[in-house]
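The values are calculated or read from the model by the stated rules, or taken from the named source; none is laboratory data. What you see is a predicted model; the values in this text were computed from it and never measured. Positions of Cβ are generated from backbone atoms using ideal geometry, with glycine treated the same way; all protein chains shown enter the neighbour counts. Remember, those area values only see protein heavy atoms, side chains included, never the ligands or the DNA or RNA. Shrake-Rupley method; radii C 1.70, N 1.55, O 1.52, S 1.80 Å.
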Amino acid sequence: AVDFYAAWWDWKQQCGYMDFTDLIEIATRDCEKAPGDPAVILCDEAQDTGKLEMRLLMKWAQFAQHLVLLGDSAQAIYEFRGSDALLLQRLWQEHDKDRLHLQQSYRLSKAVYEYTYGWAKERFTQTKALAFTPRNVEGSVQRLTQSFSRFAPTALARLVEEYTQEGKTLMF
């Protein structure tokens, strides 16, 4: 990893390039306020915000009237790049514990909600399980029995075609 970093840094220097991390570091160092000096800063999918990006957001938030962090700790997928799956949950408890979470889903059918809520509750023991009302549509959950092989995309395409021809909608 150290050798790769050194080679990457050298290549960026020689070519005059910056990567995403460089941009965030420069903004943290050089930009006192967010561009345009906004009164409100919104950060969607905040559960996936890395420590470096969160540091920048918190710096900019000092000059804004409000910082709004939106997300779901149970949907965090970027821990490998420095995000903290539980940070959003801790910030909520520390700064805004009286605010209610989203009470109504406008995406999930009843069957999908029941399946995913039960699945997540068994696996995510540190995130707070937040119940909400699904859409008033029954829906269904089907698991593909075929393993993810070179034929799985074809089977999935057939399933999508079958359902859409019947006028149904799908969520993946």
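Considering only F63, F80, F132, the mean-square fluctuation computed in a Gaussian network model of the chain, springs between alpha carbons under 10 angstrom, is largest for F80.
Can you give the relative contact order of the chain as a percent, counting alpha carbon pairs under 8 Å and 6+ residues apart?
Answer for the chain is 15 percent.
Approximating the spin labels as points 7 Å out from Cα along Cα→Cβ, the A7-to-M171 distance works out to 4.4 nm.
Partner lysines whose Cα lies under 24 Å from the Cα of K128, excluding those fewer than 8 positions away in the same chain, are identified as K51, K97, K110.
The aspartates and glutamates within cross-link reach of K12, meaning a Cα-to-Cα straight distance under 19 Å and a gap of 8 or more places when in the same chain, are D3, D22, E25.
Largest accessible area first, the listed residues M58, M171 line up as M171, M58 when surface is computed with a 1.4 Å probe on the assembled protein chains.
Across the range 19-97, C-alpha contacts under 8 Å between residues 6 or more apart give a mean separation that, scaled by the residue count, equals a relative contact order of 34 percent.
Among P153, P35, P134, the largest mean-square fluctuation in a Gaussian network model of the chain (Cα springs under 10 Å) belongs to P153. The dipole here belongs to the range 52-172: it is taken about the Cα centre, uses +1 on the Cβ of Lys and Arg and -1 on the Cβ of Asp and Glu, and is about 120 debye.
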